[in-house]
Amino acid sequence: MALQLTTNQLLTLFACASVACVLETYRRFRNCTSSINNFPGKRTLLRPYSDLASLLPGIPGVVPDRYIEWEDKYKIFQEIGWEVYSHVSAWPKRHISYVISDADAIKELVLNRAIFPKPGIKVLELYGQNVVAAGDGSEEWKRHRKVSAPAFSEKNNKLVWNETTEILSEIFAEWGNKETVSIQNITDLTLPIALLVISAAGFGRRIPWREDINAYIPSGHKLTFKKALTTVCGNLFFKAIVPEWAMGLTKKWAEARLGFHELEAYMQEMVNDKIDTSLGDEDSPHKSDLFSNLLAASEEESASGESSLTRQELVGNIFIFLLAGHETTAHALAFSFGLLACYPEEQQKLYDQITSVLSDGRHPTYEDVHSFTRSLAVLYESMRLFPPVTGILKQVAQDTTLAVHASVPQTGSAKSFKSDYATPQRKTIVIPKGSTMSLRISGVHYNPRYWEDPYEFKPDRFLGDYNKDAFLPFALGGRACLGRSAFHGRG
Ligand code: HEM
């Protein structure tokens with residue numbers, strides 16, 4: 001017998017279901033918050049960084065703010081009173097995250113990868129498994145890291161340096177003796193520089209600087225290399241949730257799909273070129289480029305009976321070197337230039353050091369790198385203020401605890417804090433298995449416990465002693481950045 005319901009009955013049923021849903025959500029919140037002893041923090045319906053939350057604008061209590069790392073820096077920790085806060089959410093599943101700006105707790109955490117492993121990042125496996133996407137504890141990560149780490153050799157650093165000076169000489173020659181050179185968006189300069197360097201030092205592809213560098217499309221392609229790469233970088237999460245067929249539905253999505261295909265074509269060309277030249281030319285001048293090193297290490301592994309990287313995994317690692325290496329570097333340089341423009345006295349000090357090292361007007365060489373202490377200090381200070389990577393996620397593999405410090409009160413300056421709170425109060429937080437730990441790099445970088453006048457641009461702080469554990473642009477521990485020394489060469 002078919003069941004028939006009146007409109008009123010249907011509405012009542014819907015209302016009851018809604019109330020049950022709200023009560024269930026509330027129960028989940030209560031369960032979560034009581035499992036962490038009601039540690040203070042944020043509560044939202046959606047989980048931070050979940051697919052849906054990444055697409056929607058922030059709505060208090062519902063969708064977490066996306067750009068909070070940029071806006072809040074250390075402020076939120078001062079409001080909470082601790083250098084950690086909890087974030088409890090109920091959808092898609094109940095979830096607890098802790099966000100931390102305590103460098104001591106972060107150090108303890110990153111050195112304990114069995115309890116706090118880095119999760120695998122599915123979205124970065126787009127073109128093949130690679131060293132960044134593979135999670136901790138997996139055989140995959142060990143294999144990728146073993147093959148890729150030796151690629152970042154001293155010889156490669158030297159190549160990065162030489163390529164950078166070569167490209168800059170070309171740019172300066174093009175600018176000639178012009179009094180002023182106007183660049184509307186500084187990344188129109190720094191992104192192509194970063195790409196040309198990674199192209200040459202990463203893959204042995206020397207592309208000359210040209211005036212139309214932002215518009216040049218090689219034959220057989222529909223987009224510039226830069227456009228393909230920036231499209232992919234900007235649409236990674238979108239690609240992860242929208243199926244391939246649906247990407248033709250709007251013009252914008254179709255452009256994104258073209259970007260993904262074009263980048264794949266560019267990378268396949270790089271692998272083909274490289275394998276051809278490596279086979280044919282043992283004395284190639286770019287023998288120490290990252291990709292040749294990666295190929296050599298992979299071949300060595302397979303010769304010694306170990307499993308090497310497949311062609312797909314080689315492409316996966318090329319993608320990750322491009323992704324990890326170009327936007328980070330380009331933005332670090334862009335912020336450095338911007339800050340130098342805002343602080344002409346710092347610009348002058350930097351200029352004076354460069355001209356004193358190169359007093360005879362010669363071009364800088366790799367051997368000079370250690371003399372440019374102020375260049376490095378400016379880059380470091382810019383990355384302290386504007387870290388290219390603002391946060392790092394870790395999982396929690398078992399129920400555990402962690403000791404964290406009280407935050408510096410809002411009224412406290414670094415000086416008064418150091419004397420008044422020499423030993424800040426500590427508290428042990430309870431961390432249930434399955435939670436997420438979010439290391440807030442900008443929170444650590446603006447923490448007055450480590451940095452005097454944290455909002456000020458003061459490169460000099462990196463010329464003396466500073467707390468290395470509180471400077472995290474390249475992360476810390478076993479999953480720290482492999483390209484750090486290559487970046488120094490570009491700086
Ligand atoms: C300013 C420049 C750079 C910054 C700020 C930076 C930052 C970082 C950070 C924070 C991580 C850790 C990510 C995590 O654990 O989730 C990382 C990892 C990594 N970076 Fe960089 N990076 C830079 C340049 C480069 C360059 C130039 C390359 C290579 C061409 C590179 C290659 C890598 C690789 C391969 C990893 C993964 C290491 C692993 O998981 O074992 N990075 N980077």
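The values are calculated or read from the model by the stated rules, or taken from the named source; none is laboratory data. Predicted model, so just to flag it, every value in this text is computed and none were measured. Using ideal geometry, Cβ is built from the backbone for each residue, glycine included, and neighbour counts are taken over all protein chains shown. Remember, those area values only see protein heavy atoms, side chains included, never the ligands or the DNA or RNA. Shrake-Rupley method; radii C 1.70, N 1.55, O 1.52, S 1.80 Å.
Annotation note: Cβ proximity below 6 Å between a residue of the stretch 123-139 that is at pLDDT 90 or above and a residue that is of a type in the set (V, I, T) and within 13 Å of the ligand (Cβ to nearest atom) (sequence gap 6+ or interchain) occurs for L124/V132; N130/I320; V132/I320; A133/I121. Of all residues in the stretch 143-158, those being within 12 Å of the ligand (Cβ to nearest atom) and open to solvent by 10 Å² or more (accessible area, probe 1.4 Å) number 6.
Scanning the stretch 183-225 for residues being within 13 Å of the ligand (Cβ to nearest atom) and open to solvent by 20 Å² or more (accessible area, probe 1.4 Å) gives a total of 0.
In the stretch 1-27, what residues are of a type outside the set (A, V, I, L, M) and open to solvent by less than 70 Å² (accessible area, probe 1.4 Å)? Across the stretch 1-27, the qualifying residues are S18, E24, T25. Out of D72, D102, D65, one residue alone is of a type in the set (D, E) and modelled with pLDDT of 90 or more. It is D102.
Listed here are the residues, each with its yes/no results for (1) farther than 23 Å from V396 by Cβ; (2) among the β-branched types (V, I, T); (3) at pLDDT 95 or above; (4) assigned to a helix (DSSP H, G or I).
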site	(1), (2), (3), (4)
S419	yes, no, no, yes
L439	no, no, yes, no
G443	no, no, yes, yes
P448	yes, no, no, no
F474	yes, no, yes, no
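Within the stretch 373-389, not a single residue is outside any loop (DSSP other than H, G, I, E, B), among the small types (G, A, S) and either over 27 Å from the mean Cα position of the chain (by Cα) or surrounded by fewer than 19 Cβ atoms within 10 Å (Cβ to Cβ) (or both).
Taking the criterion of being open to solvent by less than 60 Å² (accessible area, probe 1.4 Å) and in a helix (DSSP H, G or I), the residues of the stretch 242-259 that qualify are A246, M247, G248, A254, A256, L258, G259. Whether any residue in the stretch 318-339 is outside any helix (DSSP H, G or I) and either away from the ligand (no atom under 16 Å from the Cβ) or of a type in the set (G, A, S) (or both) is what I want to check. Within the stretch 318-339 (the criterion being outside any helix (DSSP H, G or I) and either away from the ligand (no atom under 16 Å from the Cβ) or of a type in the set (G, A, S) (or both)), the answer is no, since none of the residues qualifies. Scanning the stretch 162-181 for residues that are in contact (Cβ under 8 Å) with a residue 60 or more places away in the chain and more than 13 Å from the ligand (Cβ to nearest atom) gives N162, T165, S169. Selection of the stretch 221-238 for residues being of a type in the set (S, T, Y) and assigned to a helix (DSSP H, G or I) yields T230, T231. Is there a residue in the stretch 338-358 that is over 24 Å from V132 (Cα atoms), under 21 Å from the mean Cα position of the chain (by Cα) and either free of Cβ contacts under 8 Å to residues at least 60 places away in the same chain or open to solvent by 10 Å² or more (accessible area, probe 1.4 Å) (or both)? Yes; the residues of the stretch 338-358 include at least one that is over 24 Å from V132 (Cα atoms), under 21 Å from the mean Cα position of the chain (by Cα) and either free of Cβ contacts under 8 Å to residues at least 60 places away in the same chain or open to solvent by 10 Å² or more (accessible area, probe 1.4 Å) (or both).
Just one of the listed residues (S292, S308) is surrounded by fewer than 24 Cβ atoms within 10 Å (Cβ to Cβ), in contact (Cβ under 8 Å) with a residue 40 or more places away in the chain and away from the ligand (no atom under 15 Å from the Cβ), namely S308. Confirm whether F457 is part of a loop (DSSP other than H, G, I, E, B), more than 8 Å from the ligand (Cβ to nearest atom) and at pLDDT 95 or above. So F457 passes the test.
When the stretch 126-142 is filtered for residues that are over 11 Å from N317 (Cβ atoms) and either away from the ligand (no atom under 11 Å from the Cβ) or surrounded by fewer than 20 Cβ atoms within 10 Å (Cβ to Cβ) (or both), the ones remaining, listed by number, are L126, G135, D136, G137, S138, E139, E140, K142. Among the residues of the stretch 81-113, those identified as touching an Asp or Glu at 6+ places or on another chain (Cβ under 9 Å), small (G, A, S) and more than 16 Å from the ligand (Cβ to nearest atom) are A90, A105. Against the numbered list (1) at pLDDT 95 or above; (2) surrounded by fewer than 16 Cβ atoms within 10 Å (Cβ to Cβ); (3) away from the ligand (no atom under 16 Å from the Cβ), S435 comes up short only at (2).
One residue alone among P208, P150 is over 24 Å from I320 (Cβ atoms) and either of a type in the set (K, R) or touching a Leu at 6+ places or on another chain (Cβ under 9 Å) (or both), and that residue is P208.
The strands (runs of 3 or more DSSP E) found wholly in the stretch 22-120 and carrying at least 3 residues that are of a type in the set (S, T, Y) occupy 84-91. When T230, T165 are checked against the criterion of being farther than 22 Å from G316 by Cβ and among the polar types (S, T, N, Q), a single residue qualifies: T165.
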